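The values are calculated or read from the model by the stated rules, or taken from the named source; none is laboratory data. All of these numbers come straight from a predicted model, not from anything done at the bench. Here the Cβ positions follow ideal geometry from the backbone for every residue, glycine too, while neighbour counts run over all protein chains shown. Side chains included, ligands, DNA and RNA excluded: accessible areas come from the protein's heavy atoms. Shrake-Rupley method; radii C 1.70, N 1.55, O 1.52, S 1.80 Å.
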Amino acid sequence: MAKIVSINLSREKGTIKTPVDSALLLENFGMENDAHAGKWHRQLSLLAQESYDEMKEYTGEELSFGTFAENITTSGIELHTLPVGTVLKLGECICEVTQIGKECHHGCEIYKKVGKCVMPLKGIFARILKGGMVRTGDAVEIISVGENI
């Protein structure tokens, strides 16, 4: 079963996020009190724990969830393989995948610390269709799969 293993917040963009037990996702806005929230297509960022495992092999060190500035860290689901338009249920919330990967800023805190970033290839972004609380341990379910164009 796919689930949320970490929920992460930051007040500034380009910084490592701090894990929290739960957070409120606001419809068409993002995670309450997070720097990346707003009325745009990248309201929420997600990264799989499996990507952390790959980075551990690359760096040889343990990396804390939130290191890659993702809002939600999951396990048991290959996020980067989901097509844009896929609808996910996170706890009581519903979101739609809007982007796979992103351009990395080589001057960001994450790149300086780790020397490589997985978000450009493995991170996904979503907009919030239905808000509510998300908690560590909540299930992650695929409601519908988008179309690869």
Worksheet item: To the nearest 10 square angstrom, what accessible area does residue 65 show with a 1.4 Å probe?
Response: 60 Å²
Worksheet item: When ranked by the protection proxy of mean other Cβ atoms within 10 Å per residue, highest first, what sequence do the peptides 47-56, 90-99 form?
Response: 90-99, 47-56
Worksheet entry | Charge context of residue 20, other residues only, Cβ under 14 angstrom, K/R +1, D/E -1 | -2
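Lys and Arg at +1, Asp and Glu at -1: add these up for the other residues within a Cβ distance under 13 Å of residue 29 and post the number.
Here the count lands on +1.
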Practice prompt. Could you go through segment 66-72 in sequence order and give the Karplus-derived ³J(HN,Hα) for each residue, using 6.51 cos²θ - 1.76 cosθ + 1.60 with θ = phi - 60°, rounded to whole Hz, and x for Gly and Pro?
Written response: x, 4, 9, 6, 7, 6, 10
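To the nearest 20 Debye, how big is the dipole of the chain about its Cα centre, given +1 on the beta carbon of each Lys and Arg and -1 on that of each Asp and Glu?
380 debye
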Worksheet item: Under the classification rounded if a/c is under 1.5, otherwise prolate if a/b is larger than b/c and oblate if not, where does the chain fall, given a ≥ b ≥ c as square roots of the Cα gyration tensor eigenvalues?
Response: rounded
Practice prompt. Figure the gain on full extension for residue 130 and residue 145 (residue separation times 0.36 nm, minus the Cα-Cα span) and round it to one decimal in nm.
Written response: 3.7 nm
Worksheet item: By how many degrees, 0 to 90 and rounded to 10, does the Cα axis of helix 49-59 deviate from the longest principal axis of the chain?
Response: 10 degrees
Fill in: Summed residue charge, Cβ within 14 Å of residue 124's Cβ, Lys/Arg positive, Asp/Glu negative
0
Item to complete: Return the carbon/sulfur percentage of the accessible area of the chain, one whole number, probe 1.4 Å, all protein chains in place.
Response: 49 percent
Item to complete: Could you work out how far apart the two model spin labels at residue 57 and residue 1 are, taking each label as a point 7 Å from the Cα in the direction of the beta carbon, and quote it in nm?
Response: 2.8 nm
Worksheet, complete the sentence: Among segment 128-149, those whose backbone N falls under 15 Å of a label point 7 Å along Cα→Cβ from residue 39 are 128
